[in-house]
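Everything on this sheet refers to the single structure shown next.
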Amino acid sequence: MIVQELFQQADSDRVEEAYFLMHTIFYPYEKFSLDKKIDATIRIKEYIREYISRFSVCDINIKEPQTIFIIELPCESYEDKENTELTLFLVDDSEARRKVQGDFSVWSGDEEHRINHYGISMSRMEDIVGCHIAEESVENLGVTACCARILYEFFEFGYSDESREKNIQDLYERLEEGKKDIEEGRTFSHEEVFGHLWQEMLEACTDEDERTHMILKKEYEDKVEDIEQRYVHKVLEENHKKVIDFIKKEFFSRSSG
């Protein structure tokens, strides 16, 4: 099944409900008043209905066959370890067919043995609708959840065509600026950036209780960092194995079908 056929089977009401159940707090509206959140929700539902319709009928652009996988995996965050999340990624079919015959990786490893994977948040609708959707994704999650997850990814840079195009272009420009900074040696580690920001926030804080809270919270986070990192590493390894098995099953079933 391709994505367009998936959306042709979608029930708009159910996809709307699934979308907001998956993502009850949605950027950039989480700090809005309740009235504004309601207005935003109504508008987003309109976009969901519009794009379900458009995904169902738009022209298909297929350059090379690709497959979208949607897999429910345990969260990698220690604080969310009781929860799961729907992971979405896309692979090139020709590369996957070639590499699933041997040992391969998805999230790590050398280029020769790694199946490259991509997101779809910056993709054109015409490119997405022609992709295959993994059979087991639909079997495990259903049409509704798969459509909702695809739309959530598609809306990452905006709900309208204009906002998506503008925000994607802005990102490209920021990446070019970042590339220039790297070439000129202006780079900072993750720890340096967040350490500097935290220090600035602490110095700007005038409430004594809030300052004390910030300091004690950071001390706690520093103490449990190793525990959390060990958990993340363990879950990443387990999830990686599940992703590999998922991809193998999809392409082996096509070969035998």
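Side notes on the structure shown:
- Residue tally, condition within 17 Å of the chain's Cα centre (by Cα) and without any contact (Cβ under 8 Å) to a residue 60 or more places away in the chain, over region 111-146: 8
- Being of a type outside the set (Asp, Glu) and in contact (Cβ under 8 Å) with a residue 12 or more places away in the chain is a property that residue 48 has.
- Selection count where residues are touching a Lys or Arg at 6+ places or on another chain (Cβ under 7 Å) and either open to solvent by less than 20 Å² (accessible area, probe 1.4 Å) or of a type in the set (A, V, I, L, M, F, W, C) (or both), scope region 137-166: 2
- Residue within region 24-38 that is under 20 Å from the mean Cα position of the chain (by Cα), at pLDDT below 90 and among the hydrophobic types (A, V, I, L, M, F, W, C) present: yes
- The helices (runs of 4 or more DSSP H) found entirely in region 85-197 that carry 2 or more residues being closer than 26 Å to residue 237 by Cβ are 93-99, 135-154.
The values are calculated or read from the model by the stated rules, or taken from the named source; none is laboratory data. Just so we're clear, the structure is a prediction, and the values are computed from it rather than from any experiment. Every residue, glycine as well, gets a Cβ built from its backbone with ideal geometry; the counts of neighbours run over all protein chains shown. Quick note on the areas: whole protein, heavy atoms, side chains included, nothing else; ligands and nucleic acids left out. Shrake-Rupley method; radii C 1.70, N 1.55, O 1.52, S 1.80 Å.
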